[in-house]
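Asks: I have a structure here, written as structure tokens, and I will follow up with some questions on it.
The values are calculated or read from the model by the stated rules, or taken from the named source; none is laboratory data. Fair warning: this is a prediction, and the values are worked out from it, not measured in the lab. Quick reminder, even Gly has a Cβ in these numbers, built from the backbone with ideal geometry, and neighbours come from all protein chains shown. To get the accessible areas, we keep the full protein, side chains included, count just its heavy atoms, and leave off ligands, DNA and RNA. Shrake-Rupley method; radii C 1.70, N 1.55, O 1.52, S 1.80 Å.
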Amino acid sequence: GGSVEPRIIRSLTRLVGGATVAIVDQIHAAVETGTLVRAGGVWRQRGELRLASATLARLVPVIDPLAPEELEALDLVALVPRIDVEVVERLVGPEVLVALEAQALISLVDGDRTQSIEITDRVVGSARLQEMGGLRRRSLARRLLAELALVGDVAGTDPVTVAAVRLAAGAPLDIDHVVGAARAAPKQGELPLAIRLCEAIAAAERTTELALLLAELLTDIGRNREADSVLHDLHGHDDEERALIAMTRAV
């Protein structure tokens, strides 16, 4: 009951999609842990939402029967939003993907030039990401990085995919590529990824453009105090930049 911070709706949608039972699990668990609190008559999010143990328990019959190669393929797809199906095929083999599709765990998505692959159930994807350790995430991302040949020419490759794989693999990030990917990611429903990309490069590349973009993204999910702190020491080099900083801070 009561008003709800918009960030909560976005977080729940990203985590579990439209799975009603999972949403109920998440809300109960988040209130119990203090991740969701009521302040000033509004329910607010304090920290990142994680899948509840009740939701994870319901996934055991789905995940446990998978063969190791099927689980590896599922994790590769979970790691990067809408990865090119041919890339995953070369890594795990088409037979594995056919088996996962037959179990309704993955599905094909038609793009402008190629077909990509994604996990059908958002809850399953979130569970795999949540249970994936840092070393496994890095190892899988480096395999994708090598397969995509991202170190060389990446022209024509989706910039969001490129940036997501580089970030997960711990590879160097170029500020121009990061800004482009961070602007494109929210349109693909990957606002948290856009923020992580900006934050990953902000320490090394503290430009006005990057700071303004990060502040806008943080504001979009209700992290207004953090957005204001990003702008705190930003003064701008000319009247246009100063006006943009003032307008962003006002929002």
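Asks: Is it fair to say R90 is under 23 Å from R113 (Cβ atoms), basic (K, R) and open to solvent by 30 Å² or more (accessible area, probe 1.4 Å)?
Replies: It is true that R90 is under 23 Å from R113 (Cβ atoms), basic (K, R) and open to solvent by 30 Å² or more (accessible area, probe 1.4 Å).
Asks: Which is out of contact with any Leu (no Cβ under 7 Å at 6 or more places or on another chain), over 30 Å from G2 (Cα atoms), open to solvent by less than 30 Å² (accessible area, probe 1.4 Å) and in a helix (DSSP H, G or I), of V109, V96?
Replies: Sole residue among the options that is out of contact with any Leu (no Cβ under 7 Å at 6 or more places or on another chain), over 30 Å from G2 (Cα atoms), open to solvent by less than 30 Å² (accessible area, probe 1.4 Å) and in a helix (DSSP H, G or I): V96.
Asks: Hey, another quick one. Which condition number does G222 fail, the rest of (1) open to solvent by less than 50 Å² (accessible area, probe 1.4 Å); (2) of a type outside the set (D, E); (3) under 18 Å from G47 (Cα atoms); (4) at pLDDT 85 or above being met?
Replies: Among (1) open to solvent by less than 50 Å² (accessible area, probe 1.4 Å); (2) of a type outside the set (D, E); (3) under 18 Å from G47 (Cα atoms); (4) at pLDDT 85 or above, the lone unmet condition for G222 is (4).
Asks: Looking at (1) in a loop (DSSP other than H, G, I, E, B); (2) farther than 30 Å from V4 by Cβ; (3) not aliphatic (A, V, I, L, M), which one does G222 not meet, given that it meets all the others?
Replies: Against the list (1) in a loop (DSSP other than H, G, I, E, B); (2) farther than 30 Å from V4 by Cβ; (3) not aliphatic (A, V, I, L, M), G222 comes up short only on (2).
Asks: A further question follows. Do you know which residues across the range 1-39 are in a loop (DSSP other than H, G, I, E, B) and within 24 Å of G189 (Cα to Cα)?
Replies: Those that are in a loop (DSSP other than H, G, I, E, B) and within 24 Å of G189 (Cα to Cα): E5, G17, G18, A19, T35.
Asks: Every residue in the range 92-111 that is in contact (Cβ under 8 Å) with a residue 12 or more places away in the chain, closer than 25 Å to P159 by Cα and within 22 Å of the chain's Cα centre (by Cα), please.
Replies: I106, S107, L108, V109, G111
Asks: Mind checking which residues of the range 46-71 are free of Cβ contacts under 8 Å to residues at least 60 places away in the same chain and more than 30 Å from V4 (Cα to Cα)?
Replies: V60, P61, D64, P65, L66, A67, P68, E69, E70, L71
Asks: Restricted to the range 171-191, and to residues that are without any contact (Cβ under 8 Å) to a residue 24 or more places away in the chain and farther than 25 Å from R122 by Cα, which residue is surrounded by the fewest Cβ atoms within 10 Å (Cβ to Cβ)?
Replies: Among them, the one singled out is P172.
Asks: Could you tell me whether any residue of the range 114-135 is among the basic types (K, R) and either touching a Lys or Arg at 6+ places or on another chain (Cβ under 8 Å) or part of a helix (DSSP H, G or I) (or both)?
Replies: Yes: the range 114-135 contains one or more residues that are among the basic types (K, R) and either touching a Lys or Arg at 6+ places or on another chain (Cβ under 8 Å) or part of a helix (DSSP H, G or I) (or both).
Asks: Hey, another quick one. Being touching a residue at least 12 places away in the same chain (Cβ under 8 Å) and open to solvent by 30 Å² or more (accessible area, probe 1.4 Å): is that true of A19 here?
Replies: Yes; evaluated as a whole, the condition is true for this residue.
Asks: Have a look at R10, R38 and point out the one that is open to solvent by 80 Å² or more (accessible area, probe 1.4 Å), over 29 Å from A102 (Cβ atoms) and within 22 Å of the chain's Cα centre (by Cα).
Replies: Criteria check complete, one pass: R10.
Asks: Is it the case that S139 is out of contact with any Asp or Glu (no Cβ under 7 Å at 6 or more places or on another chain), part of a helix (DSSP H, G or I), among the hydroxyl-bearing types (S, T, Y) and crowded, with 17+ Cβ neighbours inside 10 Å?
Replies: So S139 fails the test.
Asks: Would the range 44-52 turn up any residue that is assigned to a loop (DSSP other than H, G, I, E, B), farther than 19 Å from I106 by Cβ and small (G, A, S)?
Replies: Yes, the conditions are met somewhere in the range 44-52.
Asks: Going by the structure shown, is A243 aliphatic (A, V, I, L, M), more than 28 Å from P172 (Cβ to Cβ) and open to solvent by less than 50 Å² (accessible area, probe 1.4 Å)?
Replies: yes
Asks: Of all residues in the range 63-80, how many are within 16 Å of V96 (Cβ to Cβ) and either more than 21 Å from the chain's Cα centre (by Cα) or not in a helix (DSSP H, G or I) (or both)?
Replies: Looking only at that region, the number is 7.
Asks: Keeping to the range 192-216, report how many residues are surrounded by 20 or more Cβ atoms within 10 Å (Cβ to Cβ) and either within 13 Å of the chain's Cα centre (by Cα) or outside any helix (DSSP H, G or I) (or both).
Replies: Here the count works out to 5.
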